[in-house]
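The values are calculated or read from the model by the stated rules, or taken from the named source; none is laboratory data. If you're wondering where the values come from, they're calculated on a predicted model, not measured in any experiment. Glycine gets a Cβ as well: all are built from the backbone with ideal geometry, and neighbour counts include every protein chain shown. SASA here: full protein model, heavy atoms, side chains in, ligands and nucleic acids out. Shrake-Rupley method; radii C 1.70, N 1.55, O 1.52, S 1.80 Å.
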Amino acid sequence: MVKVTLNDTVLAESDKTVVVEGNHYFPPDAINSAALTTSAADTHTVCPWKGTASYYDATIGGKTVVSDVAWYYPETKEKANNIKGYVAFYKNKVNIQ
């Protein structure tokens, strides 16, 4: 079981993560959607083999506490279909156990 926390709030927890390039990608049903909001900066990045990533901010108690804390690929290129919609977190912004 892999768990992501920030300030004692669980952001994600699952035993069904997919590891890609050293990052745990969590299935959508393992995400605490109440604690993640669409990036206020509307951040997007492009990976040549995965596609275009969108980002989430961590919002706890109604306040954004960490910007662009996590990313996901709403649409993927063929080689990354196994992580479509899955969410990964920056290791330096959260606790991952």
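Starting from the 7 Å offset along Cα-to-Cβ, what nm value, one decimal, do you get for the label separation of residue 15 and residue 92?
3.3
Of the listed values (i) -0.60, -0.68, -0.95; (ii) -1.01, -1.09, -1.28; (iii) -0.70, -0.79, -1.06, grab the one calculated as log10 I(q)/I(0) by the Debye sum over Cα atoms at q = 0.16, 0.17, 0.20 Å⁻¹ from the structure here.
Here log10 I(q)/I(0) by the Debye sum over Cα atoms at q = 0.16, 0.17, 0.20 Å⁻¹ agrees with entry (i).
Connecting C-alpha atoms closer than 10 Å in a GNM of the chain, tell me which of 13, 21, 78 has the biggest fluctuation.
For the chain, modelled as a Gaussian network with Cα springs under 10 Å, the answer is 21.
Would you mind giving the average projected area, over all directions, of the Cα convex hull of the range 1-40 in nm² with one decimal?
Value for the range 1-40: 3.5 nm².
Given an 8 Å cut-off on Cα distances and at least 6 residues of separation, report the relative contact order of the range 17-97 as a percent.
28
What does the charge dipole of the chain about its Cα centre add up to, to the nearest 20 debye, if the Cβ of each Lys and Arg holds +1 and the Cβ of each Asp and Glu holds -1?
Dipole size: approximately 160 debye.
Which residue, chosen from 53, 32, 19, occupies the Cα position most advanced towards the positive end of the dipole of the chain, where the dipole is computed from +1 (Lys, Arg) and -1 (Asp, Glu) charges on Cβ about the Cα centre?
19
Quick one: if you stick a label point 7 Å off each Cα along the C-beta vector at residue 8 and residue 45, how many nm between them?
Going from the residue 8 label point to the residue 45 one covers 3.1 nm.
Sorted by accessible area (1.4 Å probe), largest first, how do 43, 52 line up?
From most accessible down to least: 52, 43.
With only Lys, Arg, Asp and Glu charged, each at its Cβ (+1 for the first two, -1 for the last two), find how big the charge dipole of the range 48-97 is about the Cα centre; round to the nearest 20 debye.
Around 140 debye, computed over the range 48-97.
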